[in-house]
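Any read-out appearing in this document is the output of simple, stated calculations on the displayed coordinates, not a laboratory observation. Everything numeric here is computed off the predicted structure, so don't read it as measured data. Because the Cβ atoms are built from the backbone with ideal geometry, glycine has one as well, and the counts that use them run over all protein chains shown.
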C-alpha cells in the first residue's frame, strides 16, 4: 500500500556562496504524472558548449584512464559475500557496484539504480563482477532511480523484475516504465515523497542532468532519495551529482541523516566533469553539508568512465575523511559486494 504525501513547503530562495538560487516548487501536474517538456531550469550550471565539446574531441582519450592509470585494476576491492540477515528492525546495505545498492530498510528490500549488466551502452565492460548475484536477491519490494543515464537506468536489469514491482522515478521518467508495462510507477518531483510499507521515500535535488537519446536532453528530472524507516533512521542516496548548495538544503529539510551513499568517482578531467560529478574531497564536504553521520562511497571501481587512476578515488576519500577528524568507522568504504548493518 502506498500513500502520497504533500511536499514540504519550499522557501523562496536559497543562498549559495555567490548568488541566490530559487528553489523550484513541485510540478503541479496530477500525482504520479508529470507533463513538463523540459527541466533545463533545474540545471546548476549550463551544459557544455561548442568550445568544451571541441576541446574534448581534440583531447582524444580524455575521458578514459590510460594504461598507467589502469594498472591497478586487479587491486580494486571486491569481496562478494552472502547478504547479511536483516529483520524488520534492521537497516543493512550491500554494495553491488557503481550506484547499485541492496538496501534492507523497514522490512523492505530496495534496489538503487540497479545495473546488473556486464556492459552498458557507450562504456567499457565492468572491471569488477556484480557484488550480489541476481539469484541471491530476496524479493524486491521497491526500486529507486536517480536519473536516466544508461549507467543508472539499465533496461536489461529492470526486465528481470516483476512488472508489479513499485518503482520510484524522477518526474518525466514514468512513461519509460509504463511503456515497459510496470504497473506501480511513482513519478516524483523534488521534495515530493511516497510511503511504501512504512518506509518513506523522498525525492531530493542533485547537481546533474539527464539525457538518453539525441533529442531528449533534460526532458526528465534527476535527483537523489532520502529513505526513512519507521524508527526514523534515514539513508540518503545521492545518485549522480556534482557538489553544490543543494546538500545543505537537503540536510535542513531532512535533519539527522544516518548514512549518505555518495559518489566519489568519474571526476577527471575536472574542466569537463566538475559540475556533474563530485571528486572525493567534495563528496566528504557534501556529507558534512548534509549533516550525515556516516558516508558510504560509491560510483567507482565498477565502470571506468573517466580518466583518474582507478584506485585514486579510494585513497583520496580516505585522506579527505581523515583530515576532517571524523571517526574512521563512520566512513563505510566497502568493497564491491561488501555489507554493513546499522
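Return a whole-number percent for the relative contact order of the chain, with Cα pairs under 8 Å and 6 or more residues apart as the contact set.
22
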(Q) Just to be sure I understand: with springs between alpha-carbon atoms less than 10 Å apart, which residue in 195, 59, 281 has the highest mean-square fluctuation in the Gaussian network model of the chain? (A) 59
Q: Can you put 54, 200, 217 in order of Cβ neighbours within 10 angstrom, beginning with the fewest?
A: 54, 217, 200
**Q.** Stretchable slack from residue 70 to residue 54, in nm (0.36 nm times residue separation minus alpha-carbon distance)
**A.** 3.2 nm
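For residue 285 and residue 160, compute 0.36 nm times the residue count separating them, minus their Cα-Cα distance, and round to one decimal in nm.
Extending this stretch completely gives an extra 41.3 nm.
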Q) In the chain, what % of DSSP beta bridges are antiparallel (nearest 5)? A) 65
Q. Using helices alone, what [θ] at 222 nm do you get for the chain, with -39,500 (n - 2.57) per DSSP H run of 4 or more residues, divided over all residues and rounded to the nearest 500?
A. -4500 deg cm²/dmol
Q) If we sort 127-136, 146-155 on the protection proxy, mean other Cβ atoms within 10 Å, highest first, what's the order? A) 146-155, 127-136
**Q.** Added length on full extension, which subtracts the Cα-Cα distance from 0.36 nm per residue, residue 184 to residue 231
**A.** 14.4 nm
Q) Build a GNM of the chain with springs between Cα atoms under 10 Å: which of 112, 248, 94 gets the top mean-square fluctuation? A) 248
Q. Between residue 195 and residue 118, what FRET efficiency follows from the Cβ-Cβ distance if R0 is 51 Å, with the result rounded to 0.05?
A. 0.90
Q: Just rank 334, 43, fewest to most, by other beta-carbon atoms within 10 angstrom.
A: 43, 334
(Q) Please compute the Kirkwood hydrodynamic radius of the chain from all pairs of different C-alpha atoms, in Å with one decimal. (A) 20.1
**Q.** Per-pair calculated FRET efficiency, R0 = 22 Å: residue 150 and residue 79 via Cβ, rounded to 0.05
**A.** 0.25
Q: With springs connecting C-alpha atoms under 10 Å apart, model the chain as a Gaussian network and identify which of 305, 261, 215 has the largest mean-square fluctuation.
A: 215
